[in-house]
Structure formats: C-alpha cells, structure tokens
Amino acid sequence: MVKQTILHDEHIKLGAKMVDFAGWHMPVQYASIIEEHNNVRNNVGLFDVSHMGEIFVKGKDSLTLLNKLVPQDISKLIVSKAVYCQLTNLNGGIKDDWIIYKLEDDAYLIIANASMTEQDVNWVALNKGDLDVEIINESHNYSMIAIQGPKACDLITDLGITSIPDFFTIKKDVINNIEVFVSRTGYTGEDGVEIILKNRYAVEIWNLLLKKGQVYGVKPIGLGARDTLRLEASMPLYGNDLDESTTPIEAGLTWSVDKDKSVDYNGKSNILQHIQNGTERKLIGFRMIDKGIARHEYEVWHNNDKIGVVTSGGISPTRGDNIGLAYIKTLDNLSVGSTIQIKIRDKFYNAEIIKRPFIQKRNKK
Amino acid sequence: MNENILCTKTHEYLLENNGQYEVGITDYAIEQLGDIVFIELPEVGTAFSKNEVFATIESVKAASEIYLPISGEVVEINEEVVDSPELLNDDSYNKKWLVKITSTADQLEFSDLLDYSDYKEEIE
C-alpha cells in the first residue's frame with residue numbers, strides 16, 4: 001500500500017502533481033520544477049520530507065552500537081551536533097546514508113532514507129547483540145518540514161525561534177507552543193533548517209510557514225526540484241549514486257570518513273584498503289559540452305571504450321547547462337578538464353569532467 | 001486544442017492541413033510532462049513508419065519518446081521549439097506542432113486514432 005504523509009491533503013489543496021516515490025504518495029511539483037528550484041536559490045522553499053525515517057537510539061551502549069555501524073567516529077560527536085554518515089555492510093558497501101544527531105548523552109536520533117528505514121532498523125537490531133540499547137523507530141509518529149533558501153532563517157525567526165542553531169546542530173524549540181526540533185541541515189546546498197515534530201502539529205506548522213513566509217516569497221517545493229537542487233550541490237542520492245556495492249571512498253565521500261577511528265566497524269578493512277590503495281572506479285562530476293541531457297544509467301565512454309555509467313543527471317537551472325554524476329574507471333589520463341562521452345539514444349555527446357559541487361554552496365554559515 | 005485533431009493513446013496528435021499533416025503532442029501530455037527542457041527532432045526528408053519513434057522530448061524529470069501516428073516523410077520541423085523548448089509550456093504560444101509530414105497512409109493506419117472528444121474521455 002502506498003503511504004501518505006500527514007501533509008498529503010495540504011499538497012492536494014495546493015494543486016500538487018502527486019507521484020509514488022519510495023512507497024509514498026508525494027508531491028513531485030506544485031507548478032513548475034524550474035520555478036520552484038529558483039525560488040529556493042533566491043528566496044525560500046518548504047519541503048514535506050515526512051517520508052524520511054526517524055530512528056531513536058537510547059541507552060548506555062548507544063555510542064558503542066552506532067560506532068560499530070558507520071565509518072564516522074561518533075565518540076567525537078558532542079551533544080546537539082550532527083554528522084553525515086553511511087551505514088556500511090561487512091564489505092564496506094553502503095546500505096543507506098544517514099544523519100546522526102546526538103540529542104543527549106546516550107540518546108541519538110537517526111534520519112534515514114524513507115525506503116530504507118525498515119531495513120536499517122532490522123540491521124541495527126541485528127548488530128545490537130547483548131548491548132544495552134533501545135532502538136525505537138518513530139517514523140510513523142514524526143513529520144519533517146525542510147525550510148531552505150537564503151531567506152529561510154528570516155522566516156523561522158518570524159515564527160519565534162529565538163536563536164537559530166549553527167550549521168549541523170540541532171536544538172529543541174517552541175513554535176506556537178508546539179515543541180519542535182530545529183536542525184540547521186538540508187539537501188539543497190542553501191542555508192536553512194529542518195523542523196522535526198510530532199505528526200499532529202505538522203499541518204498547523206506547515207500552514208503557518210506558508211502564511212508567514214508570504215513576505216519572503218515562500219513556495220512549497222516538490223521532489224522534482226529537491227532532486228535538481230541536491231544534484232547542483234553534488235549531494236548523493238541513495239539508490240542512484242550510492243548502493244551496497246559501493247564504498248564511501250568510491251563514492252567520493254572520503255572527506256566524511258574518519259581515517260583514525262580506532263574501534264572496529266562494519267566494512268572497516270575494505271574501506272581502509274580503499275583509502276590506502278585507491279579504488280578501481282570513482283565518482284566524478286561532469287557538464288555536457290554538446291546539447292543533450294545525461295540520465296541515470298546512461299553509459300560513459302572515452303577513446304572508444306566504455307568506462308562507466310551515469311548515476312544522476314539532468315539540467316542545472318542555476319548554471320544554465322546540463323550536469324551529472326558518474327562512476328568511471330580510475331585512469332591516469334582522466335581528471336578534471338578531460339573530455340568524456342555520454343551515450344544518449346545510441347549517439348555520443350561530449351562532456352567535460354568538472355569539479356564538484358557544481359555550484360557554490362551557501363549552507364556553511 | 002483544434003477540435004479536428006486525431007490523437008493516439010500515447011498522446012501524440014495529427015492535424016491535416018493543405019495536404020500535409022502537423023504532428024505534435026497533446027495539451028494533456030504537455031501538462032503531464034511539466035517543464036520541457038529539450039526537444040530532439042529528425043532531419044527534413046527522413047521517412048518513418050507508423051508508431052516509429054521520430055522525436056524525443058525531455059522534461060526536467062525524464063526523456064520521453066514520441067511516436068509518429070501514421071507513416072510519412074518529414075517536410076518541415078519546428079525550429080522555434082528546438083531552440084526554445086519551454087515554448088511548448090507557454091499557453092500563449094500557438095505553434096505547438098513538432099514536425100509537418102506528407103503521407104500516403106491508407107485508411108487502416110487511421111483506424112486506431114481517436115478524435116479529440118474520444119481522446120479526452122480516454123484520459124479521464
């Protein structure tokens with residue numbers, strides 16, 4: 001059965017075009033994906049991301065368990081801080097990507113991808129063993145609203161949030177006497193926050209944000225623009241750019257992996273080997289030179305050899321060209337500036353490997 | 001849309017005009033696609049059989065193949081929409097055909113085409 005978020009009827013009222021995504025009936029666009037994209041870059045946009053999973057981990061062995069699950073060193077996380085992580089399998093392949101928040105000592109919140117949440121909970125339980133930990137999947141009780149764009153912080157200040165948390169920090173606050181978590185995170189490359197709250201308050205807060213946001217030109221934003229925004233910011237999408245056969249090192253996420261982490265974790269030996277010896281393939285960013293749009297699973301060629309595959313591709317409304325992410329063989333003669341070919345409908349289109357992210361991110365304040 | 005168009009179940013339309021046919025996609029198809037960002041059309045002089053892919057239209061989300069409703073030869077392409085694909089989304093733009101074709105198709109090729117009112121019932 002296709003699931004609905006608490007905000008489902010609000011999307012219908014706003015005229016959204018709805019699609020099935022990851023088992024959820026979600027808004028793909030309200031009016032125009034490009035207009036919604038630009039509104040987040042220039043003003044502020046609201047996203048219903050209530051389909052995402054909320055998993056609470058509590059108990060005195062919480063840290064030990066989490067440290068076993070991800071390559072990041074959770075012992076370095078102080079209360080109120082968040083870290084971007086990968087849930088790795090025994091080979092170091094990525095089962096999901098997460099944000100872990102440390103709410104208090106021995107209490108953490110995991111934000112997981114919607115379609116992976118159940119699998120993740122089972123995997124965490126499997127890894128728990130005799131540890132003194134409670135794993136509570138609260139996904140069905142919580143909603144999540146992302147407020148993203150250069151005017152996002154102005155908007156939530158108007159809602160009575162007294163002090164906006166720093167980048168990758170979470171705090172409890174109150175809006176209209178409603179208790180919420182406010183986190184300075186997002187999936188757009190823009191400044192902004194994500195509000196996590198109990199389901200029964202979601203409609204009230206969503207409509208309050210739309211009303212108070214009018215002066216800032218707020219718009220509701222669908223999954224279509226969420227995808228173009230995250231691609232420009234070069235943020236990976238699980239299932240497209242990341243999967244169980246890919247390590248964080250191949251995925252270009254070495255920056256997020258703790259090389260000095262002393263304790264063992266799932267997949268550690270493979271991941272360390274990938275860091276030391278390099279990988280046979282790697283994630284790169286490219287822009288189309290010829291007029292054409294690269295899409296998921298299109299082939300990448302170089303000198304008459306197939307060297308890889310596109311994992312994400314599309315238009316970049318901000319840059320005004322077409323961009324993409326691809327896994328290619330690690331070859332000495334291929335680096336930033338090299339020309340590659342994307343095979344589109346049996347024809348070859350030139351593209352150039354370029355630095356990521358594709359745009360200047362504005363979220364690190 | 002012009003009430004005289006014939007439509008396919010895959011949302012192309014065909015309109016006879018002075019011995020030629022204009023071929024495009026229906027207003028419903030445009031609405032479903034959303035922002036159109038890329039249009040690839042064949043060269044003038046190319047011949048296609050009925051239901052053969054003759055064009056590709058890409059929205060932000062995906063690429064869609066466009067099928068020729070009847071067999072024919074391309075005699076003109078709409079360069080304006082190739083240069084500015086977003087014109088297809090513009091309600092005030094009235095030249096929404098993709099190609100013009102000549103055709104010697106027999107009646108059989110028309111038998112599965114729907115007139116506009118039947119098409120509208122079909123999509124409801």
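Of the listed requirements (1) within 17 Å of A:ALA22 (Cα to Cα); (2) open to solvent by 30 Å² or more (accessible area, probe 1.4 Å), A:TRP98 misses just one: (2). When A:HIS8, A:HIS25 are checked against the criterion of being open to solvent by 10 Å² or more (accessible area, probe 1.4 Å), closer than 21 Å to B:LYS61 by Cα and free of Cβ contacts under 8 Å to residues at least 40 places away in the same chain, A:HIS25 stands alone in meeting it. Every condition in (1) open to solvent by 60 Å² or more (accessible area, probe 1.4 Å); (2) assigned by TED's automatic domain parsing to the domain that holds A:THR228; (3) out of contact with any strand residue (DSSP E or B) (no Cβ under 8 Å at 6 or more places or on another chain) is met by A:PHE167 except one, and the failing one is (1).
In summary, helices (runs of 4 or more DSSP H) completely within the range A:28-134 and bearing 3 or more residues that are within 14 Å of chain B (Cβ to nearest Cβ) occur at A:33-42. Exactly one residue out of A:GLU244, A:GLU250 is touching a Gly at 6+ places or on another chain (Cβ under 8 Å), in a loop (DSSP other than H, G, I, E, B) and away from chain B (no Cβ under 14 Å), and it is A:GLU244.
Conditions tested, residue by residue: (1) crowded, with 23+ Cβ neighbours inside 10 Å; (2) outside the structural domain of A:SER163 (by TED's automatic domain parsing); (3) in contact with a strand residue (DSSP E or B) (Cβ under 8 Å, 6 or more places away or on another chain).
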| residue | (1), (2), (3) |
| --- | --- |
| A:ASN176 | no, no, no |
| A:PHE181 | no, no, yes |
| A:ARG184 | no, no, yes |
| A:ILE195 | yes, no, yes |
| A:LEU253 | no, yes, yes |
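Tell me, yes or no, whether the range A:285-298 has at least one residue that is over 30 Å from A:ASN91 (Cβ atoms), more than 14 Å from every other protein chain (Cβ to nearest Cβ), in a loop (DSSP other than H, G, I, E, B) and not charged (D, E, K, R). Yes; the residues of the range A:285-298 include at least one that is over 30 Å from A:ASN91 (Cβ atoms), more than 14 Å from every other protein chain (Cβ to nearest Cβ), in a loop (DSSP other than H, G, I, E, B) and not charged (D, E, K, R).
Results for (1) in contact with a Phe, Trp or Tyr (Cβ under 8 Å, 6 or more places away or on another chain); (2) among the small types (Gly, Ala, Ser); (3) on the phi > 0 side of the Ramachandran plot, shown as yes or no for each residue.
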| residue | (1), (2), (3) |
| --- | --- |
| A:ASN67 | yes, no, no |
| A:CYS85 | yes, no, no |
| A:ILE100 | yes, no, no |
| A:ALA107 | yes, yes, no |
| A:SER115 | no, yes, no |
| A:TRP123 | no, no, no |
| A:ASN127 | no, no, no |
| A:LEU131 | no, no, no |
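Yes/no matrix, rows are residues, columns are (1) assigned to a strand (DSSP E or B); (2) within 11 Å of chain A (Cβ to nearest Cβ); (3) hydroxyl-bearing (Ser, Thr, Tyr):
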| position | (1), (2), (3) |
| --- | --- |
| B:PRO42 | no, no, no |
| B:GLU65 | yes, yes, no |
| B:ILE70 | no, no, no |
| B:LEU87 | no, no, no |
| B:SER92 | no, no, yes |
| B:TYR119 | no, no, yes |
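Only one entry of B:VAL81, B:VAL74 meets the criterion of being β-branched (Val, Ile, Thr), open to solvent by less than 40 Å² (accessible area, probe 1.4 Å) and assigned to a strand (DSSP E or B), and that entry is B:VAL74. Each residue in the range A:120-175 was checked for being small (Gly, Ala, Ser) and under 23 Å from A:GLY59 (Cβ atoms), and 3 pass. The C-beta contact set for the range B:1-29 (first residue among the aromatic types (Phe, Trp, Tyr), second residue in a strand (DSSP E or B), distance under 6 angstrom, 6+ apart or interchain) comprises B:TYR13/B:CYS7; B:TYR13/B:GLY24; B:TYR21/B:LEU14; B:TYR21/B:ILE101. Applying the set (1) more than 14 Å from chain B (Cβ to nearest Cβ); (2) open to solvent by 30 Å² or more (accessible area, probe 1.4 Å) to A:ARG319 leaves exactly one unmet item: (1).
Selection within the range A:28-45: residues that are hydrophobic (A, V, I, L, M, F, W, C) and open to solvent by 20 Å² or more (accessible area, probe 1.4 Å). The member of this set that is farthest from A:ASP96 (Cα to Cα) is A:ALA31.
The values are calculated or read from the model by the stated rules, or taken from the named source; none is laboratory data. All figures in this text were calculated on a predicted structure; none of them were measured in a lab. Methodologically, a virtual Cβ is constructed for each residue, glycine included, from the backbone with ideal geometry; neighbour enumeration extends over all protein chains shown. Please note that ligands, DNA and RNA were not included when accessible areas were found on the heavy atoms of the full protein model with its side chains. Shrake-Rupley method; radii C 1.70, N 1.55, O 1.52, S 1.80 Å.
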